[in-house]
Amino acid sequence: MNDITTCYERGGQPEWDNNDYTRDFTYLGIRRDLLMLNKYSLDEKTEKRLDNDYKYHAPKDDQQERYVYIRDTAKQLALVIVMNTPPSREQSVALTLLEQAVMEANASIARNE
């Protein structure tokens, strides 16, 4: 069996060693040799959170409209920032943080509804 064999090809369940941090995640596409670098274990709650955080969330109901509303409102603030502050590192940071705020707000909708 090679490193890219998945647990599903082996018959279904991931393998467990005595040490929790050596859990076999090859079924997730993680190479076994990279797993040995891990010092801490992955608990079920964190694994579920990561599954949710890194999957596609198709918009439903009115989510798409709210994404647009949040982006458009943030763009107005971005224009206020650009038109009222001198071009500088600080202006760039302010715009980057605003962009990040929009992404986090939209992710909150996508991941938690």
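Which condition from (1) modelled with pLDDT of 95 or more; (2) under 22 Å from the mean Cα position of the chain (by Cα); (3) more than 16 Å from Arg111 (Cβ to Cβ) is the one that Ala78 breaks?
(2)
Report every pair of residues separated by at least 6 positions or lying on different chains whose Cβ atoms are under 8 Å apart, first residue within the stretch 39-52 and loosely packed, with under 11 Cβ neighbours inside 10 Å, second not aliphatic (A, V, I, L, M).
Cβ pairs passing all conditions: Lys39/Tyr21; Tyr40/Tyr21.
Exactly one condition in (1) part of a loop (DSSP other than H, G, I, E, B); (2) aromatic (Phe, Trp, Tyr); (3) surrounded by 13 or more Cβ atoms within 10 Å (Cβ to Cβ) is false for Tyr67; which is it?
For Tyr67, the failing item is (1).
Return the residues of the stretch 70-113 that are of a type in the set (Ser, Thr, Tyr) and not in a helix (DSSP H, G or I); say none if nothing qualifies.
Thr85, Ser88 - these are the residues of the stretch 70-113 that are of a type in the set (Ser, Thr, Tyr) and not in a helix (DSSP H, G or I).
The values are calculated or read from the model by the stated rules, or taken from the named source; none is laboratory data. Predicted model, so just to flag it, every value in this text is computed and none were measured. As a convention, Cβ positions derive from the backbone with ideal geometry for all residues, glycine included, and neighbour counts pool all protein chains shown.
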